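Reading through the C-alpha cells given below for one structure.
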Amino acid sequence: MSAVAAAPARRSLDRDAWIARVAIAALAIALIVTVALPLYAMLSRGLESKSGAFVGFANYVAYFTTPGVGRAVVNSLVIALASTVVTVSVAFAFAYGLTRSHMPCKGVLKAVALAPLLAPSLLPGIALVYLFGKQGILKSLMFGQDIYGPIGILLGEVFYCFPAAILILSTALSLSDQRLHDAAVSLGASRWRIFRTVTLPGARYGLISACFVVFTLAITDFGVPKVIGGWYDVLAIDVYKQVVGQQDFQKGAVVSALLLLPAALAFTADFFVRRRQVALLSARSVAFRPRPERVRDGLLFIFCAAVALAILTVLLTAAGASFVKFWPYNLDLWLGHYDFNNKDGGGWRAYYNSVEMALWTATCGTAVVFLGAYLSEKSNLFAAGRATIRFLAMIPMAVPGLVLGLAYIFFFNDPANPLNVLYRTMAILVISTIVHFYTVAHLTAVTALKQMDPEFEAAGASLGVPWYTTFRRVTVPVAMPAVLDISIYLFVSAMTTVSAVVFLYAPSTALASIAVLNMDDAGDIAPAAAMAMMIVYTSGAVRLLHWLATRGLARRSQAWRGR
Amino acid sequence: MLRFAGLVMPSSKPFYLRVAGIGKRFGDTVALKDVSLSVNQGELVCFLGPSGCGKTTLLRVIAGLEPQDAGRIERGGRDISFLPAARRDFGIVFQSYALFPNLTVADNVSYGLSRRRLGRAGIAAKVEELLEMVGLSGIGERYPAQLSGGQQQRVALARALAPAPGLLLLDEPLSALDARVRGRLRQQIKALQRRLGVTTIMVTHDQEEALTLADRIAVMNHGMIEQVGTPLEIYRRPVSRFVADFVGVMNVLDATATGGMVHIGTRALRLLDDIAPTGPVHLCIRPEDVVVRGVGAATANAVPVRIETLEFTGPFFRAILRLDGGEAPLVADLSINDVSDLALAAGQAVTVALPPDRLRLYPREA
Ligand SMILES: Nc1ncnc2c1ncn2[C@@H]1O[C@H](COP(=O)(O)OP(=O)(O)O)[C@@H](O)[C@H]1O
Ligand SMILES: [Mg+2]
C-alpha cells in the first residue's frame, strides 16, 4: 500500500475519533448547562438580596426567624419519617410475598402494586378526598379526624411511594442464595431464626436503600400535600407558595436548598450502600426457589390482596368519580367531567401537550441518555469529558423536582442568558423532564452496556469499522430491551410529573398534570379526577404497548439471544 | 536501489514488526516494562507467561487498542506507534471471541469487508471461502449463540482473517475450549497459518501450546520478556530460573558453584563450561536428563542415590531419588525399558549420572 493511497483513509479515521470527541464534548456541555449551571444559579440566588447584592446567609437567617417556619420543617420530617416506616414495612411484606412464597396471582398483584407509577401524585389526594372527605363514603372510618392534614398526606404518600419501595425490595429479596437457606435448614434453625439470620441480612441493603428513596420521595413530593394537606404546612408546599404565590424567589431558593439537603444526604448514603451490595451474590450462588407452605402462603396472599385492593380502591374511586354525575349522591353515568375545555386549567390542549411532551421526552431523552452512557462507558477518548458526563448524570437523582424547576427559573429566566428564548416553551419542559429523570435512565443504560462484551468496540475498530457503525449495528440492537425500558420510563414519568414543570409551563404549554392541579385548586374536583385518570389511561396503554413490543422483540431475537 | 544497498540492514529476512522499549502502567500496576521484540515476516510467535504477566496488554498495545506510555512500534520499518487500531491492518481474535451476537455468522465474518469495493456477490463469495477455509462452510445463516465453542472460535478466526491482515493477533484463542477440541484446533491453526503465511502473534499461558505451535517463544514474567527463542532453545537452554521452572518440569537444587565445579552437599559435579555463575546457585536438571543406564565409576557426575518412590505414569516411570547428604529430592523420569532392564524398585540404591551438558545454573540469593 503506498503512502499516497493511505492518506485519505487516515484522515477519515481521525475524523471518526473527532466525531466521538465532539459528541462527548457536546453532551458534557449540555449537562453542564442543564444540570450544573441552573443549580449554581439557584444556590447563589439564595445568598443574594432581592437587588442581587451578596448577603451571605442573611436569607437563611431571615427564613428561620420567620414565625411558623420551624413547624414546616418539623411537619415535613414527621410526614417523611412516618411515610418511610409505613411504606417500607408494607412493601417489605408485599415483596416478600412476591419473591419468597408460593401464593397465587403473583403477576396480577405485582402489576397492581406498580400501578401507582402510572398516576400523578395528585391522584391519591383527590381519591382520598372522595373516600374520606366530608361526603366520603368511608368517612366513618376516620373517627371524626379530618382527612385534610397529616393523615391524608401520609396515606397519599404511601400510595405514591409504594411502587419504588416494591421495586427495590423485590430485587433485594430475589437476590438471595438458596445455599444459605439450605445450610440454615440443615442446621435445624427455626423459621424465625432463618428469617432473622439469613433473610433480613440478605435484604439489609435493599431495606436501607428503600428507606432512603421513600424518605426522599416523601419529603420532596408536592402533589399529595397540595391536594390534601389542608392547614398542615410542609416544605415542598412552602417553596411553591413562596415562588408562585408571593413571587419571593430568594426565599424559594432558601427552602429549595433545604430540600436539597435530605435528598442529597440520602442519595450519598444510598450510593455507598449500593456499592457494597455488588458483591452480595457471587457467580456461583444458586437462585432462591420458594417451596409451597400452605399457612404462610395463605396469610401472605390475604395480606397482599388487601394491599392491592386498597390501591385499586384509590384508582377506581378516581375513575368512578370521573364517570358519574355527582359522587356519591348521583351515580348516573356522565362524561361531562371529561369536557375539560369548559374548565380552567388548559382543557384538552393540556392533555395533548402532555402527550407531545412525553413523546419528545421519550425519544430525545432515550437518544441522549443512551448515547451519553455509551460514550462515557465505552469510548477511551477525552477522559475529562467522559468523567463530566458520568458525574453530572448522577446529580439529578439528588435534586427534587421542585428544586430543579426553581433552578430552571433562575437560570433560564435571566434576561442576560441567551438561552432564555427557551423559557416558557415546550422545549424547556422537555429538557427539564429529561434532566429530572436522567439518573435512573442513565443507570439502566450503563447496566445494559456493562453486560456487553467489552471487546465489541475493539473488535469493530480492529476490523476498520467506525465506532458509530458498530454502535448502530451491534450495541443498539443488543441493548434494545434496555432502550425500550428507558423510553417507557421517560414517557410515563413525563406524563405524571408535576413538580419541576409547575414552575416552567406557560398558558399555551400547560400540561395534563398541571391541569389536574389547577382544576383541583379551583374546586373542580371531578374534572381533576377525570384528567388524572386520562394520565393513568395513557400511561397504562403505553405500558401495555411496551410490554407487547418487548415480547415481540424477545420472540424475534430469540435465535441470537439464546437461552 | 542498489546504490543504497549498503544502508539496508544486512539481514535477508526483514523484520515485519519491531517493538522497542514498550512501557505501560495502569495506575500503580506496572503492566509492561521496557519490552523489546522483533517478529519476522510469516513467523508465528507465542507470548508465554503466567496469568497477569502482561501478555494481553502487550498484544493490545501492538494492536493499537491500548496506548503505550513509552516505546516505539514499527511495521516494515515504518513507525506506527500512534496509528489508531483501525489503520494498523492487524486482525485480532479476542479471548472472548467478541462475536457480535445479533449478527449471523456470515455478517460477522463480512463485518470488516467493504461492501463498496466487493459488492454483495463478492462479499458472499469471500465469506463462503473464509468459512470453508476454517472448516465451517454452510453455517453462514446461524447466529453465534447457536454454535459450539470451537465453532465460535473458528468464526472469530475467519472474521479476523477476512480483510487479509498483515499480522494476526490471537489472545488465548484456545483457553475456553475443552482439551480434545483444543488439541485439534491447535493443529488447524498451525496448518492455516503455514498455508496463508500470515505473520502471527499468539498469547498463551499453556506451555505445551507454545512449544508445539510457535516458531519462536517470548517468555514473559512481571511485565518483562525474560527470553526469546525457538521452543527447543527455550526448553533446553532457559536463561533464567523463572523460564526453567515455567517451561516443562525442572529439578531445582540449592548448590554452590566454583570455577567449573558445582557443589551439592558433599558432592562435586563437573560443569561443561566455566563461565557459569559462581557462589550460591540453583542447580537445575530436567527429570528426563537423569541417566540410569550404563552409569559406571568413570561416568561423569555419577551420583549414588536411593530410589524413594517409583511411580508408573504411562509413557515413563517418575522416580523420586534421594541424594545421600542432599536434603532436596531429585525427580527423574525413567523409561519403562530402563526400569525393567535394570530391575529398579523403590527403596533400592543405584548410581545415576547428571550429564554436565544438561546442568543449568542460576544465581541464588545466599
Ligand atoms: N484495564 C486495566 N486496568 C487496570 N489494570 C489492568 C488493566 N488491564 C490489565 N491490567 C493489569 O495489568 C497486568 C497485566 O494484565 P494482562 O496483560 O491482562 O495479563 P495477562 O494477559 O498476561 O494475564 C495485571 O496485573 C492486570 O491486573
Ligand atoms: Mg490475558
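Any read-out appearing in this document is the output of simple, stated calculations on the displayed coordinates, not a laboratory observation. The model shown is predicted, which means the values in this text are computed figures rather than measured ones. Here the Cβ is made from the backbone with ideal geometry for all residues, glycine too, and neighbour counts use every protein chain on show.
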In degrees, nearest 10, range 0 to 90: what is the angle between the Cα axis of helix B:149-161 and the longest Cα principal axis of chain B? 60
Within straight cross-link reach of A:K251, meaning Cα distance under 23 Å, which lysines are found once same-chain residues fewer than 8 apart are removed? A:K50, A:K226, A:K241
Cα centroid of the stretch B:252-282 to Cα centroid of the stretch A:375-422, whole Å: 72
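How many Lys pairs in chain B lie less than 24 angstrom apart by Cα atoms, where the lysines are 8 or more positions apart or on different chains?
Working: B:K13/B:K190; B:K24/B:K33; B:K24/B:K55; B:K33/B:K55; B:K55/B:K190; B:K126/B:K190.
Pairs that pass both the separation and distance tests number 6.
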All lysines inside 19 Å of A:K343 as judged from Cα atoms, apart from same-chain residues fewer than 8 positions distant: A:K325
So what does the Cα-only Debye profile of the stretch A:361-470 read at q = 0.11, 0.12, 0.21 Å⁻¹, as log10 I(q)/I(0), no solvent term? -0.45, -0.52, -1.15
Stokes-Einstein diffusion coefficient of the stretch B:228-347, Kirkwood radius over Cα pairs, 25 °C, 0.890 mPa s, in µm²/s: 158
Square roots of five times the Cα gyration tensor eigenvalues for the stretch B:1-150, Å: 33, 23, 14
Farthest toward positive dipole pole in chain B [+1 Lys/Arg, -1 Asp/Glu at C-beta], among B:L354, B:V249, B:A70: B:A70
Show me, bin by bin at 10 Å from 0, the whole-percent P(r) of the stretch A:68-333 based on Cα pairs. 7, 25, 30, 22, 12, 4, 0
With bins of 10 Å, the percent of all Cα-Cα pairs of chain B per bin from 0 is 5, 20, 24, 21, 16, 10, 4, 1
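Using the 10 angstrom Cβ neighbour count as an exposure proxy, how do A:S487, A:S379, B:S51, B:S335 rank, fewest first? Intermediate values should be presented prior to the final figure.
Details: A:S487 23, A:S379 18, B:S51 8, B:S335 14.
Final ranking by Cβ density, sparse to dense: B:S51, B:S335, A:S379, A:S487.
Roughly how many debye, to the nearest 20, is the charge dipole of the protein assembly as shown about its Cα centre, given +1 on each Lys and Arg Cβ, -1 on each Asp and Glu Cβ, and no other charges? Write out the running numbers ahead of the final one.
Details: 86 positive and 64 negative charges, 250 e Å.
The dipole magnitude comes to about 1200 debye.
Given all pairs of different Cα atoms, what value in angstroms does the Kirkwood hydrodynamic radius of chain A take?
Working: mean 1/r = 0.0392 Å⁻¹.
Computed over Cα pairs of chain A, the Kirkwood hydrodynamic radius comes out at 25.5 Å.
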In chain A, whole DSSP H helices that both stretch 20 Å or further along their axis by alpha carbon positions and average at least 1.6 on the Kyte-Doolittle scale are A:150-174, A:294-323
May I ask you to compute the full-extension gain from A:D146 to A:A427, defined as 0.36 nm times their residue separation minus their alpha-carbon distance, rounded to one decimal in nm? 97.0 nm
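Using a 10 Å cut-off around each Cβ, can you sort A:I29, A:I166 from fewest to most neighbouring Cβ atoms?
On the way: A:I29 12, A:I166 25.
Ordered by Cβ neighbours within 10 Å, fewest first: A:I29, A:I166.
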Electrostatic dipole magnitude of chain B [Cβ: Lys, Arg +1; Asp, Glu -1; Cα centre; debye, to 20]: 1480
Need the list of aspartates and glutamates near A:K134 for cross-linking: C-alpha distance under 19 angstrom, and skip anything on the same chain fewer than eight residues off. A:D146, A:D520, A:D521, A:D524
By how many degrees, 0 to 90 and rounded to 10, does the Cα axis of helix B:179-196 deviate from the longest principal axis of chain B? 60
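Given a Förster distance of 51 angstrom, what is the FRET efficiency for A:V85 paired with A:W348, based on the Cβ-Cβ distance and rounded to 0.05? Kindly include the intermediate steps, with their values, before the conclusion.
Details: r = 41 Å, r/R0 = 0.80.
It comes to 0.80.
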For B:S38, A:S432, A:S513, A:S256, which order do you get if you count the other beta carbons within 10 Å of each Cβ and list the fewest first? B:S38, A:S432, A:S513, A:S256
How large are Rg and Dmax for the stretch B:174-307 when only the alpha carbon atoms are used, in Å? 19.0, 57
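Stokes-Einstein diffusion coefficient for the stretch A:169-257 at 4 °C in a medium of 1.567 mPa s, Rh from the Kirkwood formula over Cα pairs: what value in µm²/s?
On the way: Rh = 16.5 Å.
Diffusion coefficient, whole number: 78 µm²/s.
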